[in-house]
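The values are calculated or read from the model by the stated rules, or taken from the named source; none is laboratory data. Note that this is a predicted model, so its numbers are computed, not measured. No Cβ is skipped: glycine too gets one built from the backbone with ideal geometry, and neighbour counts run over all protein chains shown. Side chains included, ligands, DNA and RNA excluded: accessible areas come from the protein's heavy atoms. Shrake-Rupley method; radii C 1.70, N 1.55, O 1.52, S 1.80 Å.
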Amino acid sequence: MSFGIDAMRGTPPGITLLRRIRGKDWSLATYRYVVLLVTFIAYTGYHASRKPSSIVKSVLDPEHKKVNVVQPWPVGEFFVKRQLVDTEPNGSRDEGWAPFNGKDGTLKLGESDLAFLACYSLGLYVAGHLGDTLDLRLFLTIGMIGSGIFVGLFGMGYFWNIHFFWFYLVMQMVSGLFQATGWPSVVAVMGNWFGKRKRGLIMGVWNAHTSVGNISGSLLAASVLEYGWGWSFILPGAFIFWGGIIVYLFLAAYPEDVGFACPHGMASSTDTALNDEESQGRKGDVVESEKQTMQRVGSVNRTGVGLLEACFIPGVIPFALCLFFSKLVAYTFLYWLPFYLSQTAIGGQYVSVKSAGNLSTLFDVGGIFGGILAGYISDKLKARATTAASFMYAAIPAMIIYRLYGSISKTINIVLMMIAGLFINGPYSLITTAVSVDLGTHSSLRGDARALATVTAIIDGTGSVGAALGPLLTGFLSTKGWDVVFLMLIICAFIAGILLSRLIIAELTERSCSQKSIFNGEHNSGAAADASSQQPLLSDQR
C-alpha cells in the first residue's frame with residue numbers, strides 16, 4: 001500500500017513507516033493492543049496536566065502552607081515534622097503569589113478551577129459532535145498539543161512575574177476548551193475497536209489512565225515544585241504535548257483506516273458485531289464485488305447524529321444526571337484532597353505541600369481498582385445501573401469513616417483513603433466508559449457508530465458541570481469547616497444513586513423475566529420429555 005493511499009485513508013504515518021520496515025502488516029489483535037496503549041497514554045496526559053493546580057494551591061496562597069518541602073514519593077517521606085523554611089530565591093513560598101495571596105485567595109483559586117471546568121464542560125458538547133464528524137486522530141492531536149501549550153503558559157506566569165488574575169483565568173479557560181477534545185475522542189476510538197463482550201472489564205482496566213494520570217501529574221508537579229511553582233505546570237504540559245505527537249503518529253481511529261472491516265458498519269448487524277469481536281475479517285479477504293459495493297465509513301467519511309437525537313437514546317439522560325453528582329464528588333477529591341491533607345493533622349503531624357500531593361495519589365490507586373471492579377461486576381451481572389448505584393451508596397459510609405477516623409494515623413488514613421477512592425471512582429469510571437459506549441452503539445441508532453463521541457460528550461459534559469461546581473462549592477464551604485464539605489459530598493453521592501432507580505428497576509425486571517423464561521423453557525421441555533416417555537405405555541394399554 002502506497003503512502004498516498006494510506007494518507008488518504010487516514011492511516012497514521014508512524015504505522016505506515018512500521019509497515020514498510022517490517023514488510024508486513026499487524027494482526028487485528030496487535031492493532032487493538034496499540035490502540036489500548038496509545039489512548040491510555042493520551043488520557044494519562046490529559047489528567048496529568050490537570051493535576052498541578054491542586055498541588056500548587058498551598059504555595060500560591062500563603063495561609064495554606066504548613067511544612068517544609070521533601071523529596072517526592074516514593075523517594076522521600078510522606079510525613080515531616082519540620083516547619084516551613086524558604087527555599088526559593090524570591091521568597092515566594094513565604095509570601096505566596098499575587099493575586100492568590102490575599103484574603104480572597106481561596107476564593108480566587110476556586111474561581112480558577114471553575115473557569116477551567118466550566119469551559120471544559122461546555123466544550124465537551126461541541127467536541128463530541130466534532131469528534132463524530134472530523135478525523136478523530138487529528139482532532140485528538142490538536143487538543144493535546146493545545147492543552148500542553150496553555151498549561152505551560154499558566155506556569156510561565158511564574159517566570160514572567162505576572163500577577164494579573166485575568167491572565168491565569170484566561171489560561172485556564174482556553175486550556176479547558178482544548179481539554180474537552182480528549183474524552184469523547186478516546187472513548188469513541190475504543191468503541192470503534194472493541195465489541196460488547198467483556199467491555200466493562202476492558203474499559204475498567206483501560207480507565208486506569210485516569211488515576212495513573214492523576215498520580216503521574218502529582219509526582220511530576222511535586223518533583224519540581226522546589227525550583228518554582230511554574231515548573232509544576234510546564235513539566236505536565238510537556239508530557240501531554242509529546243503525547244499528542246504519539247497520537248498523531250500511531251493512533252488508528254477506525255479499524256478500516258488500517259484495512260479492517262468496521263464492526264458497526266452496514267455489512268453486518270450491530271448486535272452481531274458487538275458480541276462477536278473476532279468476526280471482523282480483513283478487507284483483503286472480501287471478494288472484489290463486495291469491496292466495490294462496501295461503503296467506506298472511516299474517520300474521514302462518516303456522518304454523525306445531533307445532540308438532541310442522542311439525548312433521546314434510552315438511558316442517556318439518567319446516566320448523565322447521575323454522573324453530574326458522581327463527578328462532583330470525584331473532582332472535589334481531585335482538586336481539594338491535597339489541600340485537605342495539608343490542613344489536617346494526621347497522627348498529630350501535618351504534611352508538607354509536596355507530601356500532601358504525593359499522599360493524595362493513593363486515593364487514585366484505590367480508584368484504579370474501583371474502576372476495574374465495577375466493570376467486572378457489571379459484566380457479570382449485565383447490570384450497569386445497579387452496579388453504579390451500589391458503588392455510590394457504598395461511597396457514603398466510606399467518606400464518613402474517612403472523615404471521622406482518617407486523622408488517627410497515617411496507616412489508617414491511607415487505607416481509608418484508598419477505600420473511598422475505590423467506591424467514588426468506580427461508578428464514575430463505569431459511566432464514562434462502558435456505559436457511554438453501550439449507549440453510543442445503541443440499537444435505536446441502527447448501527448450508526450458515529451454517535452459514540454456525541455453520547456460520550458453529553459454524559460461527560462453534564463458530569464463536568466458537576467465537576468465544575470464541586471471545587472467551587474468546596475472553596476466556599478471549606479471556610480466553614482471540612483465537616484460541611486463532607487456533608488455536601490455525602491448528599492451528592494446519595495442523589496447520584498437515586499437518579500438510577502428507574503434503570504435499576506428496569507434491569508431487575510428484565511433479569512427476573514429472563515430467569516422466568518429460562519425456568520418455563522426448562523419446565524416445558526421436561527414436561528414434553530415426560531409425555532414422550534409415557535407414550536409407549538399408553539399405546540401398550542390400548
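Observations
- Counted by Cβ distance under 13 Å from residue 330, the other residues give a net charge of 0, where Lys and Arg count +1 and Asp and Glu count -1.
- Subtracting the Cα-Cα distance of residue 126 and residue 22 from 0.36 nm times their residue separation leaves 33.5 nm of extension gain.
- Backbone HN-Hα couplings from phi across the range 209-220 [Karplus 6.51/-1.76/1.60, Hz, Gly and Pro as x]: 4, 4, 6, 4, x, 4, 5, 5, x, 5, 5, 5
- In the context of the full set of protein chains, residues of the range 124-179 present 40 Å² of accessible surface per residue (probe radius 1.4 Å, heavy atoms only).
- Most to least packed among 454-466, 32-44, 204-216, 226-238 [average Cβ atoms within 10 Å]: 454-466, 204-216, 226-238, 32-44
- Summed residue charge, Cβ within 15 Å of residue 163's Cβ, Lys/Arg positive, Asp/Glu negative: -2
- Peptides 246-254, 470-478 ranked from most to least packed give 246-254, 470-478, packing being the mean of other C-beta atoms within 10 angstrom over each peptide's residues.
- For the range 320-431: rounded, prolate or oblate by the Cα gyration tensor [a/c cutoff 1.5]: prolate
- Largest-first principal axis extents, alpha carbons of the range 118-220, Å: 54, 33, 22
- Mean Cα-pair separation over length for the range 117-252, i.e. relative contact order, pairs under 8 Å, 6 or more apart, %: 43 percent
- From phi via Karplus (6.51, -1.76, 1.60), per-residue ³J(HN,Hα) for the range 12-23 in Hz, x at Gly/Pro: x, x, x, 5, 4, 5, 5, 4, 5, 5, 6, x
- Neighbours of residue 39 by Cβ distance under 12 Å: Lys/Arg scored +1, Asp/Glu scored -1, total +2.
- Applying a threshold of 18 Å to the alpha-carbon distances of 198/380; 51/103; 24/198; 198/327 flags 51/103; 24/198; 198/327 as lying beyond it.
- Rounded if a/c under 1.5, otherwise prolate or oblate - the range 446-512, Cα gyration tensor axes: oblate
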